[in-house]
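Below you'll find the structure, written out as structure tokens, and then a few comments.
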Amino acid sequence: MNRRHDIDALRALAFGGVILYHVAMPYVEGWHWHLKSEHLAAWLQWPMRALNLWRMDLVFLVSGLAMGFLLREPRRLAVLRQRSLRLLLPLVFGMAVVVPYQAYAQGVAQGLIEPGFGAFLLRYFSGGPWPAGAFDGWDFGVTWNHLWYLPYLWVYTALLLALHPLLARGRRRVVALRGARLLVLPVLPLALYSLTLWPHFPPSHDLVHDAWLHAVYFTLFVYGWWLGVDPPLWAEIVRLRRRAMVLAVFAFALYAVCRAGVGGIAPSVPTARLVADVYRWAVILAVLGHAGHHLNRPWPWLAWARESVYPWYLLHQTLIVAALVWLVPLRLGPVLEPVAVLGFTVAGCWLLTDGVVRRLRWLRPLFGLGPAPRAARATQTPRPPRPRPARPGTRAGAPPPSTRR
């Protein structure tokens with residue numbers, strides 16, 4: 001099977017966007033996050049909204065694309081076993097080892113948890129109880145924080161495998177979409193969810209009570225599986241990439257007008273929500289098209305990125321929180337501090353992943369990695385035998401005289 005290098009690159013870049021988004025969250029004025037810096041900026045809200053409206057949607061769509069590769073053969077139970085191991089084991093490990101420091105730092109910063117990480121862990125593993133609002137997820141006793149993506153993806157994978165025969169019927173219609181139909185029709189289910197579910201189920205990352213996000217993310221996950229690697233459809237996505245980008249820019253400008261109100265136009269949050277659905281799909285199509293046009297080649301860094309993106313995702317937010325705990329008291333200023341937080345996060349992810357996780361065989365599955373790839377044996381072209389020096393009385397290159405009598 002020919003590998004789609006653009007999808008590999010897009011997966012790494014999408015998770016890179018998630019890391020950058022989380023690095024910026026402590027500095028957005030008026031937005032809740034686990035720890036906040038004293039250097040807050042209200043202007044960050046709009047670029048963050050421009051990213052937030054589609055960043056995780058793209059991640060789930062790319063995850064659906066990966067399912068298109070896994071389900072080329074009818075082995076659904078084997079796929080479910082493999083995905084369960086690669087998703088649920090890192091989730092349990094992350095909740096037990098990676099995430100607790102985030103909850104501890106948040107609780108200490110709010111003055112609701114006494115300093116002492118060891119005592120906190122004993123209480124955390126026993127399920128609390130905690131003071132109200134001690135940390136995000138305090139009411140459950142434990143939390144998965146940024147790892148919510150893993151249980152969501154596992155549920156969507158199980159649903160796709162269970163509904164595979166039914167959903168497969170719609171695949172032919174999707175891969176046949178061209179032109180304006182490809183730009184418009186996939187938006188309609190998203191708009192329906194905004195009208196019916198969004199007013200009653202705001203985003204919560206609560207697996208049980210997150211109906212609107214479940215509908216959106218599962219639909220985009222299925223879209224990714226439907227898109228698959230159909231060459232004519234991907235050629236059309238590449239062809240439409242500039243039109244999709246123009247539509248995305250126009251839709252976001254209209255979204256800003258509907259949300260904030262400009263020139264006497266009153267804000268309308270429901271209308272903004274519908275326009276955001278157009279923006280979401282237009283950006284995703286533009287990103288897919290530009291990736292297919294520019295990134296579908298064997299980049300030297302892709303092999304490293306394929307092995308590193310999952311551990312980086314698991315580690316990055318805890319490293320961001322640790323960087324804030326260490327750097328905020330130093331009062332480095334509104335420019336140097338976020339740069340230092342980003343540098344600390346990137347360096348920590350790289351050192352822990354390349355120096356520890358990828359090297360220890362027992363640790364790799366806990367970070368969602370398979371067995372370590374064996375180093376390819378060097379293949380050497382056999383050298384021709386050196387000509388033997390000519391013996392006295394013989395011609396150079398002539399076979400040696402027979403020793404048989």
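The values are calculated or read from the model by the stated rules, or taken from the named source; none is laboratory data. Given the structure is predicted, the values throughout are model-derived calculations rather than measurements. Cβ placement follows ideal geometry from the backbone for every residue including glycine, while neighbour counts extend to all protein chains displayed. Protein only, heavy atoms only, side chains kept; ligands, DNA and RNA dropped before computing areas. Shrake-Rupley method; radii C 1.70, N 1.55, O 1.52, S 1.80 Å.
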For this session: Per residue, how big is the convex hull around the C-alpha atoms of segment 146-238? Give it to me in cubic angstrom, could you?
Result: 114 Å³
Exercise. Between W362 and F125, what length in nm is gained on full extension when 0.36 nm per residue of separation is reduced by their alpha carbon distance?
Worked result: 83.0 nm
Exercise. Using a probe of 1.4 angstrom, how much of the accessible area of the chain is carbon and sulfur, in percent?
Worked result: 65 percent
Problem set entry | Descending principal axes extents, segment 298-369, alpha-carbon based, whole Å | 40, 29, 16
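So which DSSP H runs in the chain come out at 27 Å plus along the axis (Cα) with average Kyte-Doolittle of at least -0.5?
5-24, 241-260, 269-294, 302-327
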For this session: Put one equal scatterer on each alpha carbon of segment 1-73, apply the Debye formula with no solvent term, and list log10 I(q)/I(0) at q = 0.16, 0.23 1/Å to two decimals.
Result: -0.65, -1.00
Exercise. Using just the C-alpha positions of segment 1-156 as equal point scatterers, what log10 of I(q)/I(0) does the Debye formula give at each q in 0.12, 0.16 1/Å?
Worked result: -0.68, -1.05
Exercise. When Rg is the radius of gyration of the Cα atoms in segment 229-293 and Rh is its Kirkwood radius, what does Rg/Rh come to?
Worked result: 1.15
Problem set entry | In segment 223-277, the chymotrypsin sites (Phe, Trp or Tyr not before Pro) that fall in loop regions by DSSP, at most 16 other Cβ within 10 Å | none
Exercise. Given labels modelled 7 Å from the Cα in the Cβ direction, how far is it in nm from R3 to A340?
Worked result: 3.9 nm
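Tell me what the chain gives for mean residue ellipticity at 222 nm when only DSSP H runs of n ≥ 4 count, each as -39,500 (n - 2.57), the sum divided by the residue total, rounded to 500 deg cm²/dmol. Spell out each step's value before the answer.
Numbers: 17 runs with 234 residues, N = 405.
So the helix-based figure for the chain works out to -18500 deg cm²/dmol.
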For this session: Could you state the accessible area per residue of the chain in Å², with a 1.4 Å probe and every protein chain left in place?
Result: 54 Å²
For this session: Could you work out how far the C-alpha centroid of segment 293-366 sits from that of segment 214-290, in angstrom?
Result: 29 Å
Seminar exercise, completed: Note: A372 to V97 extended length (0.36 nm per residue) minus current alpha-carbon separation gives 96.8 nm
Problem set entry | Pair A168, A260: separation of 7 Å Cα→Cβ label points (nm) | 5.0 nm
For this session: Can you check what the Kirkwood hydrodynamic radius comes to for segment 198-343, Cα pairs only, in Å to one decimal?
Result: 19.2 Å
Problem set entry | Shape box of the chain [Cα atoms, principal axes, largest first, Å] | 109, 58, 44
Problem set entry | Estimated D of segment 34-115 in µm² per second, where Rh is the Kirkwood radius over Cα pairs and Stokes-Einstein applies at 4 °C, 1.567 mPa s | 77 µm²/s
